[in-house]
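Quick notes on the structure that follows.
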Amino acid sequence: MAGVSGCLKYSMFIFNFLFWLCGIVILAIAIWVRVSKDGQEILSPGDSSTNPYVSVNILIAVGSVIMILGFLGCCGAVKESRCMLLLFFIGLLLILLLQVAAGILGATFKSESERILNETLYENVKLLEAADNDAKAFQKALAEFQEEFKCCGLVNGPADWGNNFQQNSKSCACPGPSDSSCTLYDGIYVYKQPCISLIKDVVAKHILIVIGIAFGLAVIEILGLVFSMVLYCQIGNK
């Protein structure tokens, strides 16, 4: 029994050490995304009352909690502390239940999320014709997106730019009339596809990545629950 318990104890320690490192990685990536300004203006609504980084803030909180739980699990395994193991088990179970609840809510309100994204993008069309600082930040972000994904305008094509088209036309300029994806607008050949569908594709890919990470975390969390409860019971039987 002692050999099995010792093996389980160190397995639990290694598992929780990796779990702790996972929390650090999640926290670091979330903070980097939060402070980075690259492309954040594209999905920001025209007014500043809505925070487009709610999900990133939640990810920062999740990373912090995972770090704390990983530490509790490591200490509980090494010191064979039933109290720490129980706290680890309860905390991990709560996170797992929250993930399940978030997944159910996400599936339930999927159409609502798509509607909000559509409204945000259509609302931001007005920023392409404006000249204030917020509009310029959005225009710069969209110009970079246009250059990378070979599109022009947000919803209606190059016409979305209004009087600002000439100064931003370089970012959506295309080879010429020989390319079927090009169109002539205001004397310049540009890509005729608006960027809205490409932005939606990028968002969809990111959502799939988040779902994959959440599923992987759920598997790890279930393993952690099993490890901690078995070790908790074995310590109690000594």
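The values are calculated or read from the model by the stated rules, or taken from the named source; none is laboratory data. Please read all numbers here as calculations on a predicted model, not as lab measurements. Neighbour counts run over all protein chains shown; Cβ positions are idealised from the backbone, glycine included. Just so you know, the surface numbers come from the protein's heavy atoms only, side chains and all, with ligands and any DNA or RNA stripped out. Shrake-Rupley method; radii C 1.70, N 1.55, O 1.52, S 1.80 Å.
FRET efficiency for N237 and V78, Cβ-Cβ distance as r, R0 = 22 Å, nearest 0.05?
After rounding, the FRET efficiency stands at 0.70.
On each of the three principal axes of the Cα atoms of the chain, give max minus min coordinate, whole Å, ordered largest first.
Taking max minus min along each principal axis of the Cα atoms, the chain gives 84, 38, 30 Å.
On a 1.4 Å probe surface of the protein chains, which of Y185, Y122, Y191, Y232 comes out largest in accessible area, and what is the full order?
These residues rank, largest area first, as Y122, Y185, Y232, Y191.
Could you work out the relative contact order of the chain? I mean the mean sequence separation of Cα pairs under 8 Å and 6+ apart, divided by the number of residues, in percent.
Contact order relative to length: 22 percent.
Give the angle, between 0 and 90 degrees and rounded to the nearest 10, that separates the Cα long axis of helix 133-149 from the longest principal axis of the Cα atoms of the chain.
For helix 133-149, the angle is close to 90 degrees.
Sorting D134, D201 by accessible area (1.4 Å probe), largest first, what list results?
D134, D201
On full extension of the chain, what length is gained from I29 through L86, given 0.36 nm per residue of separation minus the C-alpha to C-alpha distance?
Between I29 and L86, full extension yields an extra 17.6 nm.
How big is the accessible area of D179 in square angstrom, nearest 10, if you roll a 1.4 angstrom probe over the protein chains?
For D179, solvent-accessible area is about 50 Å².
How many angstrom lie between the Cα centre of segment 64-112 and the Cα centre of segment 161-238?
Centre-to-centre (Cα) distance: 27 Å.
Beyond 19 Å, what share of the Cα-Cα pairs of segment 166-227 remains, rounded to the nearest whole percent?
Of all Cα-Cα pairs in segment 166-227, 57 percent lie more than 19 Å apart.
Which value at 222 nm does the chain reach when only helices count, each DSSP H run of 4 or more adding -39,500 (n - 2.57), with the total divided by all residues and rounded to the nearest 500 deg cm²/dmol?
About -24000 deg cm²/dmol.
Using only Cα atoms, find the angle between the long axis of helix 196-237 and the longest principal axis of the chain, and express it within 0 to 90 degrees, rounded to the nearest 10.
It works out to around 0 degrees.
More than 16 angstrom separation, counting every C-alpha pair in segment 109-159; what % is that?
46 percent
Compute from the Cα atoms of segment 109-238 the Rg and the Dmax, the latter being the longest Cα-Cα distance, and quote both in angstrom.
23.3, 84
By how many degrees, 0 to 90 and rounded to 10, does the Cα axis of helix 2-35 deviate from the longest principal axis of the chain?
The angle comes out near 20 degrees.
Which value, in Å² rounded to 10, gives the accessible area of K150 with a 1.4 Å probe and all protein chains present?
That residue has around 110 Å² of solvent-accessible surface.
With a 1.4 Å probe and all protein chains left in place, how much of the accessible area of segment 66-191 comes from carbon and sulfur atoms, in whole percent?
Roughly 61 percent of what the probe reaches on segment 66-191 is carbon or sulfur.
For the cross-link pairs K9/K110; K126/K170; K110/K150; K79/K205, which exceed 32 Å when the distance is taken from alpha carbon to alpha carbon?
Checking Cα-Cα distances, K9/K110; K79/K205 exceed 32 Å.
Using a 1.4 Å probe on the protein heavy atoms only, what accessible surface does L87 show? Give it in Å² to the nearest 10.
Here the accessible area works out near 90 Å².
In what sequence, largest accessible area first, do F17, F227 appear using a 1.4 Å probe?
Sorted descending by solvent-accessible area, the residues read F17, F227.
Counting only heavy atoms of the protein chains, get the accessible area per residue of the chain (1.4 Å probe) and round it to a whole Å² value.
Solvent-accessible surface per residue comes out at 58 Å².
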